[in-house]
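Have a look at the structure below, then the notes.
The values are calculated or read from the model by the stated rules, or taken from the named source; none is laboratory data. On a predicted model such as this, the values are computed, not experimentally measured, just so you know. When we count neighbours, we look across all protein chains shown, and the Cβ atoms used for this are built from the backbone with ideal geometry, even at glycine.
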Amino acid sequence: MDDDFLIGEAVFVGRHLGPFAGIAATRAQLALPFVVFVTFRNGLLGAERFVYDLNGLLRQLGQPCFRFERPSGGAQVACRSA
């Protein structure tokens, strides 16, 4: 079997010119670091997973922090102030 695993890191750089996740275009310049994990099976792309800081992106767009509820109760804030 020809299985391989790759980890890469990069920075997506761009400008927010159109709607994204319900957020109207802000024309903000963005820099979003990310890591990608790629699995190859039999020489072909088998799976990929991207990991990035969603709250870092939201901060760059001038949006509030992403919040979530824990099953045990109590809201958790998933980001810090800029």
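In table form, for the structure just shown:
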{"item": "Some residue of the range 45-67 being at pLDDT below 95, over 17 Å from the mean Cα position of the chain (by Cα), surrounded by fewer than 10 Cβ atoms within 10 Å (Cβ to Cβ) and not basic (Lys, Arg)", "result": "no"}
{"item": "Residues of the range 1-22 satisfying the condition of being at pLDDT 95 or above and either in contact with a strand residue (DSSP E or B) (Cβ under 8 Å, 6 or more places away or on another chain) or not in a loop (DSSP other than H, G, I, E, B) (or both)", "result": "ILE7, GLY8, GLU9, ALA10, VAL11, PHE12, VAL13, GLY14, ARG15, HIS16"}
{"item": "Residues located in the range 19-44, provided they are surrounded by fewer than 10 Cβ atoms within 10 Å (Cβ to Cβ) and either closer than 14 Å to ASP4 by Cα or free of Cβ contacts under 8 Å to residues at least 12 places away in the same chain (or both)", "result": "PRO19, ALA21, GLY22, ALA24, ASN42, GLY43, LEU44"}
